[in-house]
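Before any comments, here is the structure.
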């Protein structure tokens, strides 16, 4: 297996919004406020690693449970 095959596809804002079942506008607002999942900028494009989004969701659960 090559390094390229070991990576999951990157998600864009719409993918994250669909996964979290929130409007894409909410994802953009979280990004602007630095409150949402980690992301990367690839030129003018914003992309998310699915694992980072899932880690962020788990972290939110822990914060809400406290």
Subset of the stretch 35-50 that is within 9 Å of the chain's Cα centre (by Cα) and in contact (Cβ under 8 Å) with a residue 24 or more places away in the chain - its residue that is surrounded by the most Cβ atoms within 10 Å (Cβ to Cβ): 48
Where a residue in the stretch 51-66 is on the phi > 0 side of the Ramachandran plot and surrounded by 11 or more Cβ atoms within 10 Å (Cβ to Cβ) and its partner, wherever it lies, is modelled with pLDDT under 95 and in a loop (DSSP other than H, G, I, E, B), with Cβ under 7 Å and at least six apart: none
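The values are calculated or read from the model by the stated rules, or taken from the named source; none is laboratory data. All of these numbers come straight from a predicted model, not from anything done at the bench. When we count neighbours, we look across all protein chains shown, and the Cβ atoms used for this are built from the backbone with ideal geometry, even at glycine.
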